[in-house]
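The values are calculated or read from the model by the stated rules, or taken from the named source; none is laboratory data. Computed from a prediction, not measured in an experiment: that's the story for all the values here. When we count neighbours, we look across all protein chains shown, and the Cβ atoms used for this are built from the backbone with ideal geometry, even at glycine. SASA here: full protein model, heavy atoms, side chains in, ligands and nucleic acids out. Shrake-Rupley method; radii C 1.70, N 1.55, O 1.52, S 1.80 Å.
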Amino acid sequence: MRIVLFAFVLLVLSCTQKETSEVIKWEAQAENITIIRDDFGVPHIYGKTDADAVFGLLYAQCEDDFNRVEQNYIWATGRLAEVEGEDAIYSDLRARLFMTEEEARANYEKSPEWLKELCDAFADGINYYLYTHPEVQPKLLTRFEPWMPMYFSEGSIGGDIERISTRKIQSFYESGMELPKMEVLQIQKKEELAEPQGSNGIAISGNLTESGNAMLLINPHTSFYFRGEVHVVSEEGLNAYGAVTWGQFFVYQGFNEKTGWMHTSTYTDVMDEYKETMVKNNGKLFYQYGEELRPVDSTSVTLKYKDGDDIKEKTFPMYRTHHGPITHMVDDQWTASAMMWEPVKALEQSYIRTKQDGYKGFRNMMDIRTNSSNNTVYADAEGNIAYFHGNFVPKRDTIFDFTQPVDGSNSKTDWQGLHTVDENILVLNPENGWIQNCNSTPYTSALEYSPKKEDYPNYMSRDQENFRGVHAIELLTGRSGYTLDNLIEMAHDPYLPAFKALIPGLVQAYDANPSLDLKDAIAELRNWDFTTSKESVAMTLAHYYGMACYSKAERPEGLYSMQWVEYWGSDWPDEKKLELFKEVVDNLTNDFGTWNMPWGEVNRYQRLNGDIRQAFDDAKPSIPIGFASGTWGALAAYGARYDNNTKKIYGTRGNSFVAVVEFGDKVKAKTMLAGGQSGDPESPHFNDQAERYADKEFKDAAYYKEDVLKRAQSTYKPGEKL
């Protein structure tokens, strides 16, 4: 008994000593870091080393919104069901199919020393925050580990792994079945009704600017509050400003003194599905590959999930071929999903990007080729502007249609290495003086100086335009004399080209079949110039009519989204147009007592609390917004969710962090953040940018130390009580 007690005491002492030495280490590192909060709560983090800066960056992020930092890692590491219940267990299985915790740890261990130091600083910064803020109660993660960033190596919203359907995984791993086609169609329709995921990036040559300096519009469209605004500096050459996805240690969209980078979601084909031919032999699973049978990598994983107040477990098999994990069934065949999964290199590229001082270094960084889900729009102080369409692009045999699942038993369908950056679609300093990408075709990115479709394999890009791309080209063509202020104005131009395609046909249908019930509503549309504003009644009518078309109108096969709108505005039968518009007018009247509703009375901004999924309430304060959905071609996109149990529309995604940047002898920038920097409703920076957001009133970014100090509201070291 004494021996057992003695061993227990030694164990407690050992744990206490380890804890004490860890705290001493954190406190020593905190002495190397200074955090200055400016008048909008933006943290400017100064560290001696890059690792110090990362420590301070994560500490500051936790101060602003620990809830979102934790949530991102609960999701990324595959533990969502432990918080949200069994419905989330297939999200967790998806994460583990691509990387187990053991593999994440192994990836951390094989990382170069400099990257391991940053991963250590990531974990230490968060853990020190939790140590110094015992009042903060995590939902699940009471300790962060340095291997966790391996699961979250690039900062886009809706990255590659989210394109893998959890419903298809569930259907396969629960019943070995294919997801019913009707359910697949319902999922597709729901996605089409949602606000488009994506962004706008515009780079402008100094030849077209008033100052002679290159400019960059950084305009990601994400869910609101998905990223915070930060400035992170070290004595080792780091000095990056921009948006950071909560919980990551690199600026994802932003700039330094010499270079700026903006990512737009790419439609380059970077993921493929392989239908595998399975064979069972002596109780073991094999798959056909050419003339050979290869063993299927078969393991299992036990996942926890919340059930009321209890935590339960469920064990799943996991199968993998050399193509990737088995994720679903297609045509009664097990199907593997192939995508870029090199977390160490992806983290390296994400961080190295922020420290480049010119095009040469930036171009060399792109040779890492792990930025799989994004395009990159670029500008720099040397006067260069550039566009990289995709980055990770597997080489394929073009005799196969990789837009569909391919035969995994045929070795010719395998990826044949990666295309070089020079082989990928690339635009550098086009003669027209500007580059745009709005998740649209790269073949219109720079007018006649755009890349030519015939020069590239089909899998390099879809050749599909959208209304934001159309709008951007119209605005940019023939224009010069840019300043930061008029670039902001251009980025908020109210014209909506989708309604020019949709609404005249409705008016013509009415003229051919006049009805007294619709006369006044049609008159609003007849005299409309297709621009959005808080005061516009026509905007309200057009928005609801357009959404009704997406929900109920016929969709001819072979057309894509923009072409559907053009069809609904032209060839769709007149009686269908009028019938649907009558339904829209009646619904507005039922909801509001009149269809005659100014857009700003319907389209609102509201932030009631710090919840990740916001609740909305028509009876509580909100402010009018004149912006519109990117579906209609609005560059300043403002998208809503329609399952709120409210009659009014409340924005949830679109313009979130926005910056305009000018590169010269000194970098200048203006920025905007939806709502505010903090997720705490008690903070003065929870909603201090809301009215400015609605009024397009950008703030000056404090980049240089003297400017930061002039606007400093608080200066402290991690761990100090404010």
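Give the stretch 658-671 a look and list any residue that's surrounded by 24 or more Cβ atoms within 10 Å (Cβ to Cβ) and either in contact with a Ser or Thr (Cβ under 7 Å, 6 or more places away or on another chain) or aliphatic (A, V, I, L, M) (or both), or say none.
Once the filter is applied, which keeps residues that are surrounded by 24 or more Cβ atoms within 10 Å (Cβ to Cβ) and either in contact with a Ser or Thr (Cβ under 7 Å, 6 or more places away or on another chain) or aliphatic (A, V, I, L, M) (or both), the stretch 658-671 yields 658, 659, 660, 661, 662, 669.
Out of (1) part of a strand (DSSP E or B); (2) touching a helix residue (DSSP H, G or I) at 6+ places or on another chain (Cβ under 8 Å); (3) open to solvent by less than 10 Å² (accessible area, probe 1.4 Å), the odd one out for residue 268 is which?
All conditions are met except number (1).
For (1) in a loop (DSSP other than H, G, I, E, B); (2) crowded, with 21+ Cβ neighbours inside 10 Å, each residue gets a yes or a no:
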{"residue": "383", "(1), (2)": "yes, no"}
{"residue": "398", "(1), (2)": "yes, no"}
{"residue": "403", "(1), (2)": "yes, no"}
{"residue": "412", "(1), (2)": "no, no"}
{"residue": "416", "(1), (2)": "yes, no"}
{"residue": "422", "(1), (2)": "yes, no"}
{"residue": "435", "(1), (2)": "no, yes"}
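Does residue 156 count as part of a helix (DSSP H, G or I), at pLDDT below 95 and of a type in the set (Gly, Ala, Ser)?
Criteria not met by residue 156.
Could you pull out the residue among 135, 70, 109 that is at pLDDT 95 or above and open to solvent by less than 20 Å² (accessible area, probe 1.4 Å)?
Step by step, each of 135, 70, 109 is checked, and only 70 is at pLDDT 95 or above and open to solvent by less than 20 Å² (accessible area, probe 1.4 Å).
Is the stretch 285-294 home to any residue that is hydroxyl-bearing (Ser, Thr, Tyr), touching a residue at least 40 places away in the same chain (Cβ under 8 Å) and part of a loop (DSSP other than H, G, I, E, B)?
no
Between 310, 367, 297, which is free of Cβ contacts under 8 Å to residues at least 24 places away in the same chain and open to solvent by 40 Å² or more (accessible area, probe 1.4 Å)?
Only one candidate passes the filter, namely 310.
Taking the stated definitions as given, is residue 78 modelled with pLDDT of 95 or more, closer than 21 Å to residue 327 by Cα, of a type in the set (Gly, Ala, Ser) and buried (at least 21 other Cβ atoms within 10 Å of the Cβ)?
yes
Can you tell me how many residues in the stretch 555-605 are within 35 Å of the chain's Cα centre (by Cα), at pLDDT 95 or above and of a type in the set (Asp, Glu)?
The total comes to 4.
All but one of (1) under 29 Å from residue 465 (Cα atoms); (2) open to solvent by 20 Å² or more (accessible area, probe 1.4 Å) hold for residue 515; which doesn't?
The number of the failed condition is (1).
Kindly establish whether residue 674 is open to solvent by 10 Å² or more (accessible area, probe 1.4 Å), touching a strand residue (DSSP E or B) at 6+ places or on another chain (Cβ under 9 Å) and closer than 16 Å to residue 230 by Cβ.
Taking the combined requirement at face value, the residue does not satisfy it.
So, restricting to helices (runs of 4 or more DSSP H) that lie completely within the stretch 51-153, which ones have at least 3 residues that are under 17 Å from residue 29 (Cβ atoms) and either in contact with a Lys or Arg (Cβ under 9 Å, 6 or more places away or on another chain) or of a type in the set (Phe, Trp, Tyr) (or both)?
Result: 113-132.
Please work out if residue 529 is part of a loop (DSSP other than H, G, I, E, B) and either within 30 Å of residue 203 (Cα to Cα) or at pLDDT 95 or above (or both).
It is true that residue 529 is part of a loop (DSSP other than H, G, I, E, B) and either within 30 Å of residue 203 (Cα to Cα) or at pLDDT 95 or above (or both).
I need the full set of residues from the stretch 81-90 which are in contact with a helix residue (DSSP H, G or I) (Cβ under 8 Å, 6 or more places away or on another chain), touching a residue at least 40 places away in the same chain (Cβ under 8 Å) and surrounded by fewer than 22 Cβ atoms within 10 Å (Cβ to Cβ), in order please.
82, 83, 88
When both residues are 6+ apart or on different chains and their Cβ atoms are under 6 Å apart, which pairs have a first residue that lies in the stretch 440-469 and is over 15 Å from residue 393 (Cα atoms) and without any contact (Cβ under 8 Å) to a residue 60 or more places away in the chain, and a second that is open to solvent by 10 Å² or more (accessible area, probe 1.4 Å) and β-branched (Val, Ile, Thr)?
Going by the 6 Å Cβ cut-off, the qualifying pairs are 450/444.
Out of the stretch 271-282, which residues are surrounded by fewer than 20 Cβ atoms within 10 Å (Cβ to Cβ) and either without any contact (Cβ under 8 Å) to a residue 40 or more places away in the chain or of a type in the set (Ser, Thr, Tyr) (or both)?
277, 279, 280, 281, 282
Take the conditions touching a residue at least 24 places away in the same chain (Cβ under 8 Å), of a type outside the set (Lys, Arg) and under 22 Å from residue 459 (Cα atoms) and apply them to residue 262. Does it pass?
no
Looking only at the stretch 448-463, which residues are open to solvent by less than 60 Å² (accessible area, probe 1.4 Å) and not in a helix (DSSP H, G or I)?
450, 451, 456, 457, 461
In contact with a Phe, Trp or Tyr (Cβ under 6 Å, 6 or more places away or on another chain), open to solvent by 10 Å² or more (accessible area, probe 1.4 Å) and either β-branched (Val, Ile, Thr) or farther than 17 Å from residue 77 by Cβ (or both), is that true of residue 129?
yes
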